[in-house]
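Note sheet for the following structure.
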Amino acid sequence: HVSATPRHLMTIADLTPTEFANLVRNAASHKAAIKGGAPHSSLNNGLLGQTVAMMFNKRSTRTRVSTEAAVNMLGGHPMFLGKDDIQLGVNESLYDTSVVISSMTSCMVARVGPHSDVTTLAKHSSVPVINALSDDFHPLQTIADFLTLHETFPSSSAIGASLGLNGLKVAWVGDANNVLFDLAIGCIKMGVDIAVAAPKGYEIPAAMKQLILSTAKGVESPGKLTETTVPEEAVKDANVLVTDTWVSMGQETEAQKRLKDFAGFQITNDLAKRGGAKEDWKFMHCLPRHPEEVADEVFYSPRSLVFPEAENRLWAALSALEGFVVNKGKF
Ligand code: CP
Ligand code: NVA
């Protein structure tokens, strides 16, 4: 038996600020309970006897491992379907694929190229679809990133639609990509200012910028988005410096040009100092990481939150699966 219109997670834009904050808080409370020794059965086996199809058209370490582990923790079965295993838009339409797989499973977690691939799956699915990274968005990463911020900057006002992060400043230095877009939406919803430094020609595309800015509507004190081509400008007064690869999956043929065009955008201690980041600035990166976008002196330093951030993908996946699948879109 399936409900007629399941709720999907395509982007953080789909969530109200309260819902987003709740997904982060639920992730935090499961993490505290289970790391504190509670058995997985305390999660009530919400997916017992159920299968989650994981349709991945691109490589993955964190998203795959965290999703498989989280499904297991909820008592379900994760079924990994790589790009050579099924006909995902190759030799079979997305429509047919979606109708068939959703008729046999409780959820589809999909990693795709064009964002329209995952929205098409969702449109025709009888079960919730979770975006596990598209060319435009990475919502599971953003939930994990806000869990990381919530742990790093704890606040007594972390209630309701707020995680108590208001007034914080994030500086994104690098490519304006899928990871940034959902992070920026999360920042706007949580009252966190975000400054983006990307080289000329690699700015946030106009339509995406419009979408990101539109998510401030109805938010009591939305974070501000600013853009520059000068890394030092973005870094000024930032609490957190963030970046990602300069060459996302699917952009491999542009690698040489991108490496040239992004020269000067590497995050280093000197950049933070020159730009005037806050004295106790932190560093985040969704991984996988390459040395060109961030120096070892930062990546492996005590400022770096990258490994707790990666672990938080597990708790984010658990929270999202519970929210969208077990609790049918209510959280
Ligand atoms: N951060 C992230 O999504 O990593 P994977 O590509 O390894 O899943
Ligand atoms: N921007 C990267 C993120 C990988 C997790 C990519 O799309 O390849």
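Can you give me the angle between helix 139-152 and the longest principal axis of the chain, using Cα atoms only, in degrees from 0 to 90, rounded to the nearest 10? So the inclination is approximately 60 degrees. For the chain, a crude dipole built from +1 on the beta carbon of Lys and Arg and -1 on the beta carbon of Asp and Glu, taken about the Cα centre, is about 580 debye to the nearest 20.
Hey, fewest Cβ within 10 Å first, where do Thr228, Thr243 land in order?
Thr228, Thr243
Which links in Lys58/Lys189; Lys35/Lys58; Lys189/Lys209; Lys200/Lys273 stretch past 19 Å when you go from one Cα to the other?
From Lys58/Lys189; Lys35/Lys58; Lys189/Lys209; Lys200/Lys273, over 19 Å: Lys58/Lys189; Lys35/Lys58; Lys200/Lys273.
Other residues lying with their Cβ under 14 Å from the Cβ of Ile143 contribute a combined charge of -3, Lys and Arg counting +1, Asp and Glu -1. If the segment from Val219 to Gln251 were pulled out straight at 0.36 nm per residue, it would be longer than the present Cα-Cα gap by 8.1 nm. Summing Lys and Arg as +1 and Asp and Glu as -1 over all other residues whose Cβ lies under 11 Å from the Cβ of Ser98 gives a net charge of -2. Listed by Cβ neighbour count within 10 Å, with the fewest neighbours leading, Glu252, Glu92 appear as Glu252, Glu92.
Can you tell me the FRET efficiency between Ser301 and Arg59 if r is taken as the Cβ-Cβ distance and R0 is 30 Å, rounded to the nearest 0.05? Using R0 = 30 Å, I get an efficiency of 0.65. Which of His77, Val109, Gln251 sits farthest toward the positive end of the charge dipole of the chain, with +1 on the Cβ of Lys and Arg and -1 on the Cβ of Asp and Glu? Positive-most Cα among the choices belongs to His77.
The Ser41 and Lys273 beta-carbon pair, evaluated with R₀ = 56 Å, returns a calculated FRET efficiency of approximately 0.65.
Nearest 10 degrees is fine. How inclined is helix 62-73 to the longest principal axis of the chain, computing both from alpha carbons? Helix 62-73 and the main axis of the chain meet at about 40 degrees.
Going from the residue with the fewest nearby Cβ atoms within 10 Å to the one with the most, Glu279, Glu220, Glu233 rank Glu279, Glu220, Glu233. Electrostatic bookkeeping for Glu292 treats Lys and Arg as +1 and Asp and Glu as -1; over the other residues with beta carbon under 15 Å from its beta carbon, the sum is -4. Between the Cα long axis of helix 178-190 and the first principal axis of the chain there is an angle of about 80°, rounded to the nearest 10. Dividing the summed helix terms, -39500 (n - 2.57) for each DSSP H run of n ≥ 4, by the number of residues in the chain produces a 222 nm estimate of -11000 deg cm²/dmol to the nearest 500. Across region 198-203, rounded Karplus estimates of 3J(HN,Hα) from the backbone phi angles (6.51 cos²θ - 1.76 cosθ + 1.60, θ = phi - 60°) give 9, x, 4, x, 10, 5 Hz, Gly and Pro being marked x. Think of the chain as a dipole: +1 on every Lys or Arg Cβ, -1 on every Asp or Glu Cβ, centred on the Cα centre; then among Leu314, Gln266, Gly89, Leu314 lies furthest on the positive end.
Quick note: the coordinates plus some simple rules give every number you see, no bench work behind them. Because the structure is predicted, anything quoted here is derived from the model rather than measured. Neighbour counts run over all protein chains shown; Cβ positions are idealised from the backbone, glycine included.
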